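Single-structure report; data block below.
Derivation of every value follows stated rules applied to the coordinates shown; laboratory data play no part. Predicted, not measured: the structure shown is a model, and the values here were computed from it. Note: ideal-geometry Cβ built from the backbone for every residue, glycine included; neighbour counts use all protein chains shown.
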Amino acid sequence: MNTPAFDVEACHRAYREKVAVLYGGSSQTGRMDARQLFYLELLYRVGTLAAGKHLLDLGAGTSAFGSVAAALGMQVSIADDFGGGGGVEHGGHANAEDMNLTGVRKLIANWKTQLGIRVLESDIINEPLALETASVDVVTCINSLEHWHHSPKRLFQEIVRVLRPSGYLVLVTPNAANLRKRISALAGRNIWDRLEWWYHDGDPVFRGHVREPIIADLKQIMEWNDFEVVNVCGRNYLGQQSKALGFLSAPLLKRTVATLDWMLRLRPTLCSDIHVVGRKRT
């Protein structure tokens, strides 16, 4: 019996009909961001993108990923301190990528009332997860790990606790050793966030990237916590925003990035975005 293909249009439809309006968009138009769509596909590949399955999204910020999962029928819990980063900023305007704190409070309220999302507003590194043991089918940690200042060992112990036997953990981060950074390092250029972002005297907690991993790091974390690695892949969503190729015209830039993405996927260790999926051993 053939497994049906991942239903991309169902995700776009759920976004248009139930999610877009929460982010200030129209319920009649709009399509999901390709990156968030791919994260849903990762859940589909391991059989957890299904009604009634329980998703815990760690460090979610204001991402629409969990919202669409809920719109598709999943039971969704989101854990974050919502203190900054991940689209949560102290100024600016409200949309899916840049939302001020007033907008965040409204969004959280809508998550709860309109989508039934459970929001755990806490310091996930230092505080236990307020969830029952063995109650979660899949945990996602998407572009969050690289922002953590302290050891996440306690958090991963909590992840193991709340996951059901054979549950899944999805880790997604920028790649510290992608092709662009390797070339930049050889040229003697800094591969990290701009110095003034770290040095400034604004928020006392730096919300930028503290430590970006490589694929081997994510696989090691899986091993330390007794997960079997079932999928490793790379994509180049960050590369699509490359300033290094800014001299190209928009059409040529799009074609160039698409070609590079196709080639680099064959070598995930060179991609800008890395994804490692593990299954909890019983």
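So the values come out like this:
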item: Straight-distance crosslink candidates among lysines, where the alpha carbon sits under 18 Å from Lys18 and sequence neighbours closer than 8 are dropped; result: Lys106, Lys112
item: Average projection area in nm² (convex hull over Cα atoms of the chain, one quarter of hull surface); result: 16.1
item: Expected-Rg normalisation [2.2 N^0.38 Å, Cα atoms] applied to segment 173-282; result: 1.25
item: FRET efficiency estimate (nearest 0.05) - Cβ-Cβ, Thr102 to His150, R0 41 angstrom; result: 0.90
item: Segment 20-82-segment 102-163 distance, computed between alpha-carbon centres (Å); result: 14
item: For Val119, residues with placed amide H under 5 Å, excluding near neighbours; result: Ile78
item: Hull-based mean projected area of segment 122-245, where the convex hull spans the alpha carbons, in square nanometres; result: 9.2
item: Computed [θ] at 222 nm, deg cm²/dmol, the chain (DSSP H ≥ 4; -39,500 (n - 2.57); rounded to nearest 500); result: -9000 deg cm²/dmol
item: Mean Cα-pair separation over length for the chain, i.e. relative contact order, pairs under 8 Å, 6 or more apart, %; result: 16
item: Interchain or long-range residues, amide H under 5 Å from Thr173's placed H; result: Asn143, Ile274
